[in-house]
Number of protein chains: 4
Amino acid sequence: MGKIRVGILGATGTVGQRFLQLLEHHPQFTVTALAASDRSQGKPYAAACVWRLPGAVPDAVRGLVVQAPEPPLDCDIVFSSLPSDIAGSVETRFARAGYRVVTNSSPHRMDDAVPLLIPEVNPGHLALLDACKGTGGGFIVANPNCSTVMIALALAPLAARFGVAAVAATTLQAISGAGYPGVASLDITDNVVPFIAEEEEKIERETRKILGFLDASRVTPATFAVSAQCHRVNVVDGHLAAVRVKLARAADPAELREAFAAFTGLPQELRLPSAPERPILVRDEPDRPQPRLDRDAGGGMSISVGRIARDGVLGHRFVALSHNTIRGAAGAAILNAELLLAKGYLEGP
Amino acid sequence: MGKIRVGILGATGTVGQRFLQLLEHHPQFTVTALAASDRSQGKPYAAACVWRLPGAVPDAVRGLVVQAPEPPLDCDIVFSSLPSDIAGSVETRFARAGYRVVTNSSPHRMDDAVPLLIPEVNPGHLALLDACKGTGGGFIVANPNCSTVMIALALAPLAARFGVAAVAATTLQAISGAGYPGVASLDITDNVVPFIAEEEEKIERETRKILGFLDASRVTPATFAVSAQCHRVNVVDGHLAAVRVKLARAADPAELREAFAAFTGLPQELRLPSAPERPILVRDEPDRPQPRLDRDAGGGMSISVGRIARDGVLGHRFVALSHNTIRGAAGAAILNAELLLAKGYLEGP
Amino acid sequence: MGKIRVGILGATGTVGQRFLQLLEHHPQFTVTALAASDRSQGKPYAAACVWRLPGAVPDAVRGLVVQAPEPPLDCDIVFSSLPSDIAGSVETRFARAGYRVVTNSSPHRMDDAVPLLIPEVNPGHLALLDACKGTGGGFIVANPNCSTVMIALALAPLAARFGVAAVAATTLQAISGAGYPGVASLDITDNVVPFIAEEEEKIERETRKILGFLDASRVTPATFAVSAQCHRVNVVDGHLAAVRVKLARAADPAELREAFAAFTGLPQELRLPSAPERPILVRDEPDRPQPRLDRDAGGGMSISVGRIARDGVLGHRFVALSHNTIRGAAGAAILNAELLLAKGYLEGP
Amino acid sequence: MGKIRVGILGATGTVGQRFLQLLEHHPQFTVTALAASDRSQGKPYAAACVWRLPGAVPDAVRGLVVQAPEPPLDCDIVFSSLPSDIAGSVETRFARAGYRVVTNSSPHRMDDAVPLLIPEVNPGHLALLDACKGTGGGFIVANPNCSTVMIALALAPLAARFGVAAVAATTLQAISGAGYPGVASLDITDNVVPFIAEEEEKIERETRKILGFLDASRVTPATFAVSAQCHRVNVVDGHLAAVRVKLARAADPAELREAFAAFTGLPQELRLPSAPERPILVRDEPDRPQPRLDRDAGGGMSISVGRIARDGVLGHRFVALSHNTIRGAAGAAILNAELLLAKGYLEGP
């Protein structure tokens, strides 16, 4: 009973490095292939990659030679964090070649056939893949944008208990979300940039798909309005969102607190290896959550919520925080893969 | 025809230092007295103060001895930036002793008898002082909270042209707003703090007073809802606000842009010395305004507005930016004093 | 065979918090008493302390009531990170009352009777305590200043192999070294402060004591000149030192590299729980070590050395980096206590 | 008597932008041509350039079309801040075509025929150009590396009064020194990078040339040893250097202070427009100079020196600070051009 063999597309990037870090001791997956679209092809990973995380390149992948991101690769499934300008067509080719593609990239997220998955929130959307199940055929499963994961996770218990009528989220996002070299230091030192390309649009549309309803063969997006205003701030890791929400029924802030704190999902029930004990941690201090103090909660897989209060315009408000390259990217994809495995979607024909 | 002699209460603090910097070459005011509530009393200012602005203590005040903040002081009017725990009673004593008090501190802002003044926005509120006019009696005029100035300035042209039905502002505020030593570096390096004591409440109530209506002897606050969520970010100077606004009538974003760009007020008409040529600068680049690049626009007295767009939840949105210790504090108070002077409120009996 | 019961003096400070974090799962020590000199006395630790490290207060100490830092305390030994203005007399009282005091504070470091200990460098200096051994009497053992630990560790293999004739170290020190609230954010954002009170003097004198020679009952300092220039930079954790060294004999940079890489000591031989596998890690990349990437090496107990090269003025140069609150403070004291335990200095009469 | 017409090579870069900012109201020079090596050629400057300085593109150059950096250009002299990989050959072609080239780029700095000029330090080195004088022929004059300017300026009065026997400088350099995009924010947030490519070598060799002696047709470098260790720190503008110096004769720190404070040069005597009143400002506070507070001294053209003290290894030490893109780059070149003009080197045949 060996581990499932995993290929990483975009292995040299910041999310690719997180994949390798998080998979180093994973009980179910082992990395057997690395690919990247850049000049690193043909070199051993340790030479190809400028490792930007604390610590060193995991020993098991130091010598793996970086390949072009094209099938075939010596692996059973692929994790993708390719740049969005090439991810779409590459991932399609892998899926057509029979690979199961678990992607953090954006191009396929809104495809009708692709579940946009947060295992605690919409595991039922995996039914989109049921036609492929057991055929050995390839497919694509996507996790949301790094800010959307957190916003949708926080909304899930509110939608379930109270109904959501409208959401306005203002984000303060970390520099690691832009990759490497990413944000120039001259742009962000002693500064804020009130713009992240396409980010507001992604949050607005992805949130509705995740919280939408599965009909036969596609997901009908939720109908509530979503507004996002996005900012880059001088933080290494950890996206924060100031959220205002209009609920479908009256509720006391204490009820929202209870809904957040009690929230749990299928990953917790199935004890998936990357599932945090609690998906949402509630902080009651007046000045939390904070990126530096709370981003690593639950190994980076728990989001933290605080400052739950009434709001004069939309009814309620709170602040959410998540580790953008773990729960918001590599960890999200790995948890998706763990759910796929647990539910039998990774089995052969 | 000498200059008006000014005393500074709270002269050693960060706003006090800005007062001295901005008044160094002022054509109408000259600093003749300095007072502070701390251990600096009795020392020459240059020895009493740890100067935290670029450059050096203005020569004219280096030798002024710091006094206790109690009347009498050798001056005609006082500017106050005392800490809020003592400002209220001290300012009252100065007003009762016949001084005109132009304050940046918060305790009296909501008093019925105190105009909460932004000269471009609500100069008519000065009528609250008409009973004192010409009597030689003292009074208090306040400028708003550092974030409120910018939000109210941005709303003013919208309120005038379209009517405002609701406002939700999310702020990213600079560390200089907390004074010195203020925010601990361990709290803000690689971090965001989603809390500033009483800031959300101040923005919510002050905005309504400024945009309210004068009836006989008091101001009736505007009736629209205001929601504020406030964050401290790692920026030296320059508060940014992501604003969503519900207007009373339909409008195209281009109309909002035009309303912002065309906005002008009494300080511009009167050519007050500290009035910027344009109170609101519109930036059309997708990634502006930014604190480091735009805070000094108009000598720190212009606010900058950008990213004007439709919003799925409240109808419209934009981003505003202002220098928090100039237009948001010392410069605001000085502009208030200039208007008082121009309108005859500083004349003797 | 229970664990040794430990009291923490200065438990609410930044180093005190590190003590608790590092001792949470320690195999030999268990925290049974907490004391602090501030207003936190009398409160349960979780209420008394504003926890500034990622994660939460360890469960085992949440309910411990913070006491005054005076004997008696319910413990066998005390770790001290008291402020330097009170540490001296308090530690003396604990030692006289029979406690073994393992201190990170500075007042006693230069005392003749106090070993200034780095277990890999000068374990022989423990002989200063031999008169107390087995008597059950109290004593004080100190670890050096946070920058000195790293400089002395890096010099140790050079002194042993080549002899050291002079050292000039220029430090770039992290903000956590100043405690909390410590450095004001206005002082360090977009800035460097070329001054840390008494730091240069501490490095200059402590380095010579650590690398000095034990004669009978005291340590004769090493005779080489030490020069330190110290700067505070905008880094959360991790002190960096640019070191130039004049050796007593000619050496090739490759020989220095070999001396660093091969260095090991008694803690490694004894497999002390907090001893890193290698005290000094050599980084060969041209741009390492870096605080954010290398401070956590060896659990924060390894220092990293890089950029080893010839120097036109003093002969050789290199850059060293260490985690200032782990190897430079709390971890240093714990390693000292582990060595004391292993060598029988914590046994009763 | 019109102004001298200036072309800027590398006009879109960070130093190019500083040239335009500093020349906007210059009494002697007017910008008539812009050139850059990048994709901006053929566009009006306002469209070609992402302006990264506070404020806006100077009106006079908004419409100038960016050209290729090749002669002919419509101007009398050129300022160059081209990237070092192309500056060498381009500048040679301009000089051969008869242009006077005033360059901030590095390739020609060590050429025998090129004065490496700091007008206060070595104006006599201009004699290298005497053969060209009055011929209308082209030549190249270079200013030093951004850190070298400050180090050589600080050493000049010491060399004159006491003689210099050795210098060891450790720099903490601002991110603007690397241009735009330059340093990635992930590399410098909560971090220090102990490496700047070729910087240490430049400081070591350029300092000796500047302080060298002119013989007939070339400069013989000074013979004292120079050692540099360079670091990038998280500061926008302002390079700081911790300097240790061995003087040729005994001196009291107070004598060094006096030498710094009294230092003045030809630019001050000639009242050149960009010359600061005092080239070196002495700060006596224990914690100055600091980049954010002192970089703009003298309009960015004064360096600041503080912490003058004895040093146990080399005899004396101090800290120097300079604005790296003004005195360290664009301002240095402009001052060089002003001296050339004053001494008749810009006259035609």
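Selection of first residues in the range A:284-296 that are within 10 Å of B:F195 (Cβ to Cβ) and of second residues that are assigned to a loop (DSSP other than H, G, I, E, B) and of a type in the set (A, V, I, L, M), restricted to Cβ pairs under 7 Å at least 6 apart or on distinct chains, gives the following pairs, ordered by first then second residue: A:Q290/B:V192.
Among the numbered conditions (1) surrounded by 15 or more Cβ atoms within 10 Å (Cβ to Cβ); (2) assigned to a loop (DSSP other than H, G, I, E, B); (3) of a type in the set (A, V, I, L, M, F, W, C), the only one that C:V50 does not meet is (1). In the condition set (1) surrounded by 23 or more Cβ atoms within 10 Å (Cβ to Cβ); (2) under 21 Å from C:A337 (Cβ atoms), C:E24 is compliant with all but (1).
Just give me the residues in the range D:249-258 being among the aliphatic types (A, V, I, L, M), farther than 30 Å from C:D190 by Cα and surrounded by 15 or more Cβ atoms within 10 Å (Cβ to Cβ), in sequence order. Within the range D:249-258, just D:A251 meets the criteria. Among the residues that make up the range B:3-26, is at least one of them over 23 Å from B:G300 (Cα atoms), part of a strand (DSSP E or B) and charged (D, E, K, R)? For the range B:3-26, residues over 23 Å from B:G300 (Cα atoms), part of a strand (DSSP E or B) and charged (D, E, K, R): present. Might you let me know whether the range B:317-325 holds any residue that is buried (at least 21 other Cβ atoms within 10 Å of the Cβ), more than 14 Å from chain A (Cβ to nearest Cβ) and without any contact (Cβ under 8 Å) to a residue 40 or more places away in the chain? No: the range B:317-325 contains no residue that is buried (at least 21 other Cβ atoms within 10 Å of the Cβ), more than 14 Å from chain A (Cβ to nearest Cβ) and without any contact (Cβ under 8 Å) to a residue 40 or more places away in the chain. Here A:Q41 clears all of (1) polar (S, T, N, Q); (2) assigned to a loop (DSSP other than H, G, I, E, B); (3) at pLDDT 95 or above except the condition numbered (3). The criterion of being over 18 Å from A:T171 (Cα atoms) and surrounded by fewer than 24 Cβ atoms within 10 Å (Cβ to Cβ) holds for A:R283.
Does C:G328 fit the bill of being closer than 29 Å to D:V233 by Cβ and in contact with a Leu (Cβ under 9 Å, 6 or more places away or on another chain)? Answer is no for this residue.
Regarding D:V141, is this residue buried (at least 21 other Cβ atoms within 10 Å of the Cβ), assigned by TED's automatic domain parsing to the domain that holds D:S81 and either touching a residue at least 60 places away in the same chain (Cβ under 8 Å) or over 27 Å from C:R307 (Cα atoms) (or both)? When the stated conditions are applied, D:V141 passes them. Within the range C:178-188, the residues that satisfy the criterion of being in a helix (DSSP H, G or I) and of a type outside the set (D, E, K, R) are C:A178, C:S185, C:L186, C:I188.
Within the range A:178-200, the residues that satisfy the criterion of being of a type outside the set (A, V, I, L, M), under 28 Å from A:V313 (Cβ atoms) and within 20 Å of the chain's Cα centre (by Cα) are A:E198, A:E199, A:E200. Could you check, for the range A:163-177, whether at least one of its residues is more than 30 Å from B:V236 (Cα to Cα) and not in a strand (DSSP E or B)? Yes; the residues of the range A:163-177 include at least one that is more than 30 Å from B:V236 (Cα to Cα) and not in a strand (DSSP E or B). Count of the range C:103-138 residues, restricted to those that are more than 30 Å from C:I308 (Cα to Cα) and part of a strand (DSSP E or B), is 1. A single member of A:V235, A:V226 is outside any helix (DSSP H, G or I), buried (at least 24 other Cβ atoms within 10 Å of the Cβ) and in contact with a Pro (Cβ under 7 Å, 6 or more places away or on another chain), and it is A:V235. A:V243 meets each of the listed conditions (1) outside any strand (DSSP E or B); (2) within 14 Å of chain B (Cβ to nearest Cβ) apart from (1).
Condition check for C:G331 on (1) at the interface with chain D (Cβ under 10 Å from one of its Cβ atoms); (2) closer than 20 Å to C:L116 by Cα: one failure, at (1). Number of residues in the range D:207-227 that are of a type in the set (A, V, I, L, M, F, W, C), over 18 Å from D:R109 (Cα atoms) and within 13 Å of chain C (Cβ to nearest Cβ) equals 2. Taken over the range C:314-333, the criterion of being part of a helix (DSSP H, G or I) and of a type in the set (K, R) is satisfied by C:R327 alone. Does the range C:70-84 hold any residues that are over 14 Å from C:V102 (Cα atoms) and touching a Ser or Thr at 6+ places or on another chain (Cβ under 9 Å), and which are they? Scanning the range C:70-84 gives C:L73, C:D74, C:P83, C:S84. Scanning the range C:163-186 for residues that are facing another protein chain (nearest Cβ under 7 Å), closer than 19 Å to C:M150 by Cα and surrounded by fewer than 22 Cβ atoms within 10 Å (Cβ to Cβ) yields one hit, C:A166. The residues in the range A:34-79 that are more than 14 Å from every other protein chain (Cβ to nearest Cβ) and of a type in the set (F, W, Y) can be counted, and the count is 2. Restricting D:E277, D:E347, D:E338, D:E258 to those that are away from every other protein chain (no Cβ under 14 Å) and without any contact (Cβ under 8 Å) to a residue 40 or more places away in the chain reduces the list to D:E258. Selection of the range C:197-213 for residues being surrounded by fewer than 20 Cβ atoms within 10 Å (Cβ to Cβ) and either in contact with a Leu (Cβ under 6 Å, 6 or more places away or on another chain) or outside any helix (DSSP H, G or I) (or both) yields C:A197, C:E198, C:G212, C:F213.
The values are calculated or read from the model by the stated rules, or taken from the named source; none is laboratory data. Note that the coordinates shown come from a computational prediction; the quantities given were computed from them, not determined experimentally. Counting neighbours? That spans all protein chains shown, and the Cβs are built from the backbone with ideal geometry, glycine included.
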